[in-house]
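J.: After the structure tokens below, expect a handful of questions from me.
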Amino acid sequence: MEPISKRLAICSAGLFGAALGVPAAVAQEVADVAQLPTLRVSESYGGTGATSYRSGYSSTGDKMDVPNLQQSRTVDTVSAQVIEDQAPQTMEDLIKFVPGVAVGNNFGGTQDGLLKRGFGNTDDGGTLLDGVRMPVGRSFQAVTTERVEFLKGPASLFYGMQEPGGVINVITKKPLYQWQRILGGSLSSHGGGDAYFDVTGPLKETGWALRVIGQGKNEDYWRNFGDNKQQLFAPSLSYEGEDLSFLLAYQYLDYDNTLDRGAVIQDGHYVGSRDKRLDEPWTASKGIRQVVSSTTEYRFDQDSRVKLTLGWNQDHYNDYQADPRGYNTETGELSRRFRRNTGADRENVYVALDWIASRQWLDMEHELLVGVDYDLRRDVSGDFIDGPVVGGFFPDHPEYGRLDPEGPVNPNNSDNYQRISGNAFYFKDNIHLNDRWILAPGLRYQHYDVKIGGHQPFVVSTDESDAKLLPFIGLVYQARSDLSLYANYSQSYRPNEFTPGSTVEGSYEPETGRQYELGAKYDNGGWTTQLALFDIRKENVQQVAGEDDAGNTLQRLAGEVSSRGIEWSLSGQLSEDWSLLANYAYTDAKIEKDTPQTEGNQLFNVPRNAAGAYLAYDLPAEVLDGRMRIGAGARYVGKRYGNLDNSFTLPAYTSVDAFVSWKTPRLLGNETSLQLNVTNLTDREYFVSSGGNPNRVSWGEGRTLRLKGEIRF
């Protein structure tokens with residue numbers, strides 16, 4: 001059997017040949033010669049090019065590129081063409097057509113609080129940027145993103161402390177070795193917009209290439225007041241030599257975004273109206289985020305290389321909140337209070353050294369990855385302001401300016417400190433037993449230290465260290481050249497974090513998870529589809545068990561939560577002119593063991609049923625000397641509970657999005673394009689998620705039009 005690097009090279013040649021019109025029979029013949037039954041290019045319109053909804057490979061599950069049909073896990077990819085067509089503004093827009101991913105507590109629309117297979121929160125570390133854990137906040141920027149990969153199920157084998165639902169890896173644009181210059185901008189129907197540039201190319205014939213991306217944004221918020229502002233600067237530098245490659249990237253983001261607490265639900269109905277906010281004009285989330293990352297790779301030969309990954313990011317953050325506290329049904333009066341994080345520093349450091357090799361042992365091919373990593377997460381905050389509860393606000397006829405942004409320091413919620421560090425050894429081996437079977441064992445040995453505290457005066461609430469062994473086993477059966485079956489068992493861990501002033505009943509343990517998964521994948525080179533069945537169980541979940549004799553909150557680690565379900569997705573080219581995304585997810589996520597009040601309840605914000613479809617069409621004839629593309633899609637999200645007690649629900653909804661684009665090489669530069677996107681075409685009123693109580697429910701965005709123009713030269 002050929003080395004994996006040679007097999008992938010032949011496979012890539014076949015895919016690009018298909019994109020260029022090479023007959024399918026020729027591509028199949030090349031695959032046969034290479035003894036590669038796992039991928040077959042059967043149509044000339046298929047492939048993994050930049051214009052496809054299909055991605056034929058992913059890198060998040062194995063820390064190296066692996067074809068769809070050889071993966072023993074479920075990975076969904078949002079390709080560059082999907083991002084271009086749908087023009088998502090946030091991660092919440094991006095996940096609309098990804099099965100099994102829902103919006104959780106998004107902290108007033110300012111953070112990526114995403115639930116993967118029922119699990120996750122705003123602070124779960126499950127969003128990665130080029131494989132490096134990101135701090136709380138918004139991690140997706142459309143102008144810098146190449147594609148986004150969603151690895152489902154426990155991801156601790158390679159990514160350490162995680163919830164068992166999976167991770168989201170935002171993969172950024174890299175420097176190119178041919179010159180490309182882009183100028184663009186957009187306008188919103190609510191007012192304002194953005195402008196951006198993207199310049200990349202080689203630095204003479206030195207092996208070096210540069211890319212610089214910049215963006216300025218000042219867009220009015222879609223409700224009756226507020227705006228979102230940011231300045232982005234993202235340079236990157238790469239080198240490609242015969243044996244050595246190097247990439248250094250930096251991202252600077254200065255943001256000032258609207259913090260909208262949304263709606264208040266009372267007796268199953270919202271108070272006030274969707275158009276008029278319950279906040280004040282000064283509510284905002286502000287900060288500066290910096291990201292530095294580098295990868296250095298040295299190739300000993302075509303079958304062996306080492307890779308060093310370094311990452312550092314920091315978010316200096318503060319906010320202003322007008323927090324709803326209670327609604328009087330008799331008078332129609334809403335009481336509110338001012339709250340503020342005066343300043344928080346959130347920092348992550350990551351170092352990983354990996355050896356990646358292909359070896360022939362006992363007539364079997366082994367794709368090996370052996371590595372060590374160090375991961376540090378550090379969060380420090382200052383004074384937390386808690387103002388008095390103030391009435392006099394009537395949602396039906398709101399008068400703003402009655403709540404002043406001032407108040408005393410709350411010592412119980414100030415000076416919070418969190419430091420979680422870990423170092424680990426891990427390995428994974430994809431063993432090609434023969435042309436049809438792949439066995440994929442893996443293991444991680446993880447040591448971690450946790451120190452958490454807060455309060456004024458400072459109190460340490462958690463100071464623990466421990467070690468965990470986290471096994472993984474996967475199996476792939478290549479039934480045909482375009483069909484594979486797979487199964488896996490994986491585990492996760494996440495340190496429990498106790499708040500200052502609480503007392504722990506019993507011994508300390510991290511939160512742990514495990515998953516059993518079965519699935520099938522079909523990939524004909526033009527489109528791909530996958531079906532997965534999973535069973536996840538999470539243990540050592542924190543729960544409140546009353547108070548001790550001194551009045552401190554008593555917590556214990558006896559909770560148990562499960563998530564079982566089915567996920568299906570399809571993406572790719574149905575023909576030369578038609579592109580399709582489709583998905584469905586059934587997720588039954590519930591509390592198995594907890595206090596009597598919540599045991600047996602469903603996890604909040606998790607819909608049992610969600611589905612979507614998005615169809616795009618390239619008009620075959622020229623329109624105004626250019627090419628036109630149109631598309632539309634609908635997403636259905638079922639009923640969800642809004643809190644742990646399951647005392648109120650968020651209704652099911654269906655939203656519709658659409659776009660039309662036009663490109664021509666005959667106007668300005670090499671290509672000029674115009675694109676109009678419409679979000680929530682029918683202007684449906686719906687709730688996207690809850691913050692865990694009826695006073696914090698986020699509205700879905702009303703009908704919004706965005707017109708984008710771009711010039712490439």
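The values are calculated or read from the model by the stated rules, or taken from the named source; none is laboratory data. Just so we're clear, the structure is a prediction, and the values are computed from it rather than from any experiment. A quick note on method: Cβ atoms are made from the backbone with ideal geometry, for glycine too, and the neighbour counts reach across all protein chains shown.
J.: In the set Tyr374, Tyr400, which member is under 30 Å from Thr283 (Cα atoms) and at pLDDT 95 or above?
T.: One residue alone meets the criteria, Tyr400.
J.: In the range 622-640, which residues are at pLDDT 95 or above and hydrophobic (A, V, I, L, M, F, W, C)?
T.: Those that are at pLDDT 95 or above and hydrophobic (A, V, I, L, M, F, W, C): Met628, Ile630, Ala632, Ala634, Val637.
J.: Applying the selection to the range 390-411, what residues are in a loop (DSSP other than H, G, I, E, B) and aliphatic (A, V, I, L, M)?
T.: Once the filter is applied, which keeps residues that are in a loop (DSSP other than H, G, I, E, B) and aliphatic (A, V, I, L, M), the range 390-411 yields only Leu403.
J.: Something else: I'd like the residue in the range 659-713 that is assigned to a loop (DSSP other than H, G, I, E, B) and among the charged types (D, E, K, R) and, out of all such residues, is farthest from Ile182 (Cα to Cα).
T.: Within the range 659-713, the match that is farthest from Ile182 (Cα to Cα) is Arg696.
J.: Please state which of the following conditions Val450 fails to meet, knowing it meets all the rest: (1) surrounded by 19 or more Cβ atoms within 10 Å (Cβ to Cβ); (2) touching a residue at least 60 places away in the same chain (Cβ under 8 Å).
T.: Condition (2) is where Val450 drops out.
J.: I would also like to ask the following. For residues that are of a type in the set (A, V, I, L, M, F, W, C) and part of a loop (DSSP other than H, G, I, E, B), tally how many sit in the range 355-389.
T.: Residues flagged as of a type in the set (A, V, I, L, M, F, W, C) and part of a loop (DSSP other than H, G, I, E, B) within the range 355-389 amount to 2.
J.: Here is a list of conditions, (1) touching a Phe, Trp or Tyr at 6+ places or on another chain (Cβ under 6 Å); (2) closer than 15 Å to Lys96 by Cβ, and Ile630 meets all of them except one; can you say which number that is?
T.: Just one mismatch for Ile630, condition (2).
J.: Something else about it: Show me the strands (runs of 3 or more DSSP E) entirely contained within the range 240-354 in which 2 or more residues are acidic (Asp, Glu) and within 29 Å of Ile213 (Cα to Cα).
T.: 244-258, 304-328
J.: Residues of the range 567-620 being among the small types (Gly, Ala, Ser) and under 19 Å from Lys639 (Cβ atoms), which ones?
T.: Passing the criteria: Ala585, Ala589, Gly600, Ala610, Ala611, Gly612.
J.: I'm trying to understand the selection: among the residues of the range 425-442, which are surrounded by fewer than 21 Cβ atoms within 10 Å (Cβ to Cβ) and among the hydrophobic types (A, V, I, L, M, F, W, C)?
T.: Within the range 425-442, Phe425, Phe427, Ile431, Leu433, Trp437, Leu439 qualify.
J.: Just to be sure I understand the filter: pairs with C-beta atoms under 6 Å, separated by 6 or more residues or on different chains, first member in the range 557-573 and closer than 30 Å to Phe498 by Cβ, second member among the acidic types (Asp, Glu). Which pairs pass?
T.: So the pair list comes out as Leu557/Glu509; Gly559/Asp594; Glu560/Glu539; Glu560/Glu592; Ser562/Glu592; Arg564/Asp535; Arg564/Asp588.
J.: With the requirement that a residue be crowded, with 18+ Cβ neighbours inside 10 Å and either in a loop (DSSP other than H, G, I, E, B) or among the acidic types (Asp, Glu) (or both), what does the range 187-201 give you?
T.: If the condition is that a residue be crowded, with 18+ Cβ neighbours inside 10 Å and either in a loop (DSSP other than H, G, I, E, B) or among the acidic types (Asp, Glu) (or both), then His190, Asp194, Asp198 are the ones that fit.
J.: Can you tell me how many residues within the range 589-647 are outside any strand (DSSP E or B), closer than 30 Å to Trp527 by Cβ, of a type outside the set (Val, Ile, Thr) and under 26 Å from the mean Cα position of the chain (by Cα)?
T.: Residues flagged as outside any strand (DSSP E or B), closer than 30 Å to Trp527 by Cβ, of a type outside the set (Val, Ile, Thr) and under 26 Å from the mean Cα position of the chain (by Cα) within the range 589-647 amount to 3.
J.: I want to confirm something. Restricting to the range 641-688 and keeping residues that are surrounded by fewer than 16 Cβ atoms within 10 Å (Cβ to Cβ) and at pLDDT below 95, which single residue is nearest to Thr595 (Cα to Cα)?
T.: Asp645
J.: What number of residues within the range 64-84 satisfy the criterion of being touching a Lys or Arg at 6+ places or on another chain (Cβ under 8 Å) and under 22 Å from Tyr489 (Cα atoms)?
T.: Residues in the range 64-84 being touching a Lys or Arg at 6+ places or on another chain (Cβ under 8 Å) and under 22 Å from Tyr489 (Cα atoms): 8 in total.
J.: Can I ask one more? Under 6 Å by Cβ, and 6 or more places apart or on different chains, what pairs join a residue from the range 354-376 that is under 22 Å from Ile420 (Cβ atoms) with one that is aromatic (Phe, Trp, Tyr) and buried (at least 16 other Cβ atoms within 10 Å of the Cβ)?
T.: Short answer, once both residue conditions are applied: Gly371/Tyr426; Asp375/Tyr350.
J.: Among the candidates Gln215, Gln251, which residue alone is more than 21 Å from Leu128 (Cα to Cα), within 23 Å of the chain's Cα centre (by Cα), modelled with pLDDT of 95 or more and crowded, with 18+ Cβ neighbours inside 10 Å?
T.: Gln215
J.: Of all residues in the range 267-306, how many are in contact (Cβ under 8 Å) with a residue 60 or more places away in the chain, out of contact with any Ser or Thr (no Cβ under 6 Å at 6 or more places or on another chain) and not acidic (Asp, Glu)?
T.: 16
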